[in-house]
Amino acid sequence: MTPTNLSGLAGAALAAAFSFSISPAIATDHMSMPMSDKPAHFKPTLSAYTANHQFLVKITGLPDPIPYQKYFTLRFAVYDGHHPDKQLSDAHLTLFAGMRHGMKKGFAHGMQSSPKIDDKAGAISADGMYFHMMGKWTLKATVKEGGKQGVAYFDLPCCGK
Amino acid sequence: MRDSSSAAGGAVMRLAKLAALMLAGGMLVGSAQADDRNLYTTEELSAIARHLAPAAVVPGDATNKFADDRRAAALGQFLFFDTRFSANGKFSCHSCHQPAHGFTDARAVAKALAVGTRNTPTLLNAAYNHWFFWDGRADSMWAQVLQVIENPREFGGDRLAVAHTIYDDDALRRAYERLFGKLPDLSDSQRFPAHARPDAPTQSATAREWSAMSAADRDACNRIFSNVGKAIAAYERHLVNYDSPFDRYARALRSGDGPGQSLLSPAAKRGLKLFVGRGQCELCHSGPNFTDGQFHNVGLPVRAGTVLDTGREQGIRELKANPFNAAGRYSDQQHGPNAKRLEFLPAPDAMRGAFKTPTLRNVARTAPYLHDGRFATLRQVVQFYADGKAASRGKRVGEREGTLNLVPHFTPAEVMDLVAFLKTLDSTALPPALTRPPAQP
């Protein structure tokens, strides 16, 4: 056993004694040492309208949690924004995902991946999504259908393991 | 029947007394040894934990079925130090990847047969990389090796010479054939010229010789060439070390080990807090290797007299065209996840001027810094980021990434604190048996 391991064992005993002695009333959150590999999460946007409620875009398939630095797939369905029960089978989607990092306009950076979008027969999937940085990602989904176009935005949390 | 409320009240009193006793005990323990966990916020502690060493097992590489073969690693270690693959017989992988310099060469830019244009990246923990070279033009460690052998500024060699070197050396040939199977009869110089490679200048003798070979013979030589890369990669995958003062300190923080928390100097602790917190460094320098493995344009001004280097833009083009990429014929998993990544590569021009985030592990030993080695010291590097847009004035290649604006101004003292922290990422030395040439292949 290395000296490091020995001190680790001693430290563990010390930590056990110390943490046990702190009553919940006085323990601060950082003393509780969550040491989690997961950053804080928020609920992802799962549906969004384009301007003037022209289209309603729903994310119908999203990994939970979104994996960190691994490729994943998103699935979408597009509806008539004025008749949200009416799914549009001829809608086409283009995507841009990036992080704003507090910027009010534009993105600080985008994804380093160019997803393949399959939008045949209304079941739209985007394979090859990849979030390389922890935090809030913004997905910009541009819908084209019947000569009309609109943009919907989604906030997605990054990430789990 | 007992009064349940009074019984409960008694229990509360006993618990309160117990808590008071335990608190007193804890305070005594606490006063004997300061607890550094109080120095950091919850978020900072979580961030520190995310930098701890990854699982002991190095990520697999299904494109190289010999990646975890010990015999391949032994052969690869022999070849790593072998100078015969270079055109003048003087350079080996070890020439630029020296253990004493964190498996770099301590030069601003690499120099072998000629002076290159880029700084030599470390091989330590490179097995965890997603992409290889500063521009990611190789998608596996074994494909990276092959480019070095034929790069005219580096080894200036060629794949036929590599094949003949193995074929003509009995010991080497036996070691190769034990792993990869029988070599073709390379003694027929009509079929297998002494020197040939496809990417030489069109009118050169080596290019003409390559064109004159049959498709089957070219394929056989490419197979030998790729196997050489796979053996060297199998060795390089052992160059892994996560035992640094930072790791020991972070583990001590996690376990509450008091003495272990004295492993870093006060300046290094301030630097660590800045690194994982306000400094925003870990947006890009994330995870156990202190890198996101991706590519960023940090807005470096073009220096007079240097070539315009488009970085990842050209890297993506070369990667797609490389027959030794993960989807290529010489990959051992042509339809796996690594090959799939090639379908998702971004448009090259979107990545103009971007270079891979380097690992910060062992960074104190790998000076000079950045892709062109323009900064001699860590202080200069940190100061560049601290200076923000002002440091990026002048002609640049591509667009500076907005993420850089998140890095705040650092005072001179904070710069030195960050440098003090970065120096704690220096790992202990690898076992000597891993860092010297073996007697036999």
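Throughout, read-outs are computed from the coordinates displayed, never taken from laboratory work. These numbers come from a predicted model, not from an experiment. Positions of Cβ are generated from backbone atoms using ideal geometry, with glycine treated the same way; all protein chains shown enter the neighbour counts.
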Counting only residues 5 or more apart in sequence or on a different chain, those whose built amide H sits under 5 Å from that of B:Thr104 are B:Gln98
If the only charges are +1 at each Lys and Arg Cβ and -1 at each Asp and Glu Cβ, what is the size of the charge dipole of segment A:40-161 around the Cα centre, to the nearest 20 debye? 420
State the Cα centre-to-centre distance between segment B:191-242 and segment B:167-187 in whole Å. 15
Test of understanding: ordering A:His132, A:His83, B:His101 by Cβ neighbours within 10 Å, fewest first, what list do you get? A:His83, B:His101, A:His132
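Please label the shape of the protein assembly as shown as rounded, prolate or oblate, based on the square roots a ≥ b ≥ c of the eigenvalues of the alpha-carbon gyration tensor (a/c under 1.5 means rounded; beyond that, a/b larger than b/c means prolate, else oblate).
Working: a/c = 1.92, a/b = 1.33, b/c = 1.45.
Judged from the Cα gyration tensor, the protein assembly as shown comes out oblate (a/c at least 1.5, b/c at or above a/b).
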Which is farthest toward the positive dipole end of chain B among B:Leu300, B:Pro412, B:Gly102, measuring Cα position about the Cα centre, with Cβ charges +1 (Lys, Arg) and -1 (Asp, Glu)? B:Pro412
Could you please report the charge total around B:Val58, scoring K, R as +1 and D, E as -1 over all other residues with beta-carbon less than 11 angstrom from its beta-carbon? -2
Magnitude of the Cβ-charge dipole (Lys and Arg +1, Asp and Glu -1) of chain B about the Cα centre, nearest 20 debye, reported as 540
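Quick one: order B:Ser244, A:Ser89 by neighbouring beta-carbon count within 10 Å, fewest to most. Each step should come with its number before you reach the end.
Details: B:Ser244 19, A:Ser89 13.
Least crowded to most crowded, the residues run A:Ser89, B:Ser244.
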List the Cys residues of the protein assembly as shown that have no partner Cys with a C-beta closer than 4.7 Å. B:Cys93, B:Cys96, B:Cys221, B:Cys281, B:Cys284
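Sort B:Glu399, B:Glu236 so that the residue with the fewest other Cβ atoms within 10 Å of its own Cβ comes first and the one with the most comes last. Write down the numbers at each step before the final one.
Details: B:Glu399 13, B:Glu236 25.
Fewest-to-most Cβ neighbours within 10 Å comes out as B:Glu399, B:Glu236.
So how strong a dipole does the protein assembly as shown carry about its Cα centre when Lys and Arg Cβ are +1 and Asp and Glu Cβ are -1, to the nearest 20 debye? Numbers along the way, then the final one.
Working: 70 positive and 55 negative charges, 153 e Å.
In total the dipole reaches around 740 debye.
Excluding A:Lys140 itself, calculate the net charge of residues whose Cβ lies under 13 Å from the Cβ of A:Lys140, where each Lys or Arg counts +1 and each Asp or Glu counts -1. Display every interim value, and only then the final one.
Values: positive: A:Arg100, A:Lys105; negative: A:Asp155.
Spelling it out: positives minus negatives among the neighbours equals +1.
Per DSSP H run of n ≥ 4, the term is -39500 (n - 2.57); total these for chain B, divide by its residue number, and report the mean residue ellipticity at 222 nm rounded to 500 deg cm²/dmol. Walk me through the numbers before you get to the answer.
Numbers: 15 runs with 171 residues, N = 441.
Per the formula, -12000 deg cm²/dmol.
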Helix B:266-276 sits at what angle to the longest principal axis of chain B, using alpha carbons and giving 0 to 90 degrees rounded to 10? 70
Furthest towards positive pole of dipole, B:Thr202, B:Ser262, B:Phe192, structure part segment B:181-288, Cβ charges: B:Ser262
What is the sum of charges around B:Pro152, taking Lys and Arg as +1, Asp and Glu as -1, for the other residues whose C-beta is under 12 Å from the C-beta of B:Pro152? -2
Violations at 30 Å Cα threshold for listed pairs A:Lys140/B:Lys269; A:Lys140/B:Lys423; A:Lys144/B:Lys395; B:Lys90/B:Lys230; B:Lys320/B:Lys389; B:Lys356/B:Lys395 -> A:Lys140/B:Lys269; A:Lys140/B:Lys423; A:Lys144/B:Lys395; B:Lys320/B:Lys389
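Shielding of B:202-210 by partners, i.e. mean partner chain Cβ atoms within 10 Å per residue?
On the way: counts 0, 0, 0, 0, 0, 0, 0, 0, 0.
Averaged over the peptide's residues, the number is 0.
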Alpha carbon centre of segment B:294-324 versus segment B:83-122: separation in Å? 20
Picking from B:Leu183, B:Val162, B:Pro152, whose Cα lies most toward the positive end of the charge dipole for segment B:147-195 (charges on Cβ: Lys, Arg +1; Asp, Glu -1)? B:Leu183
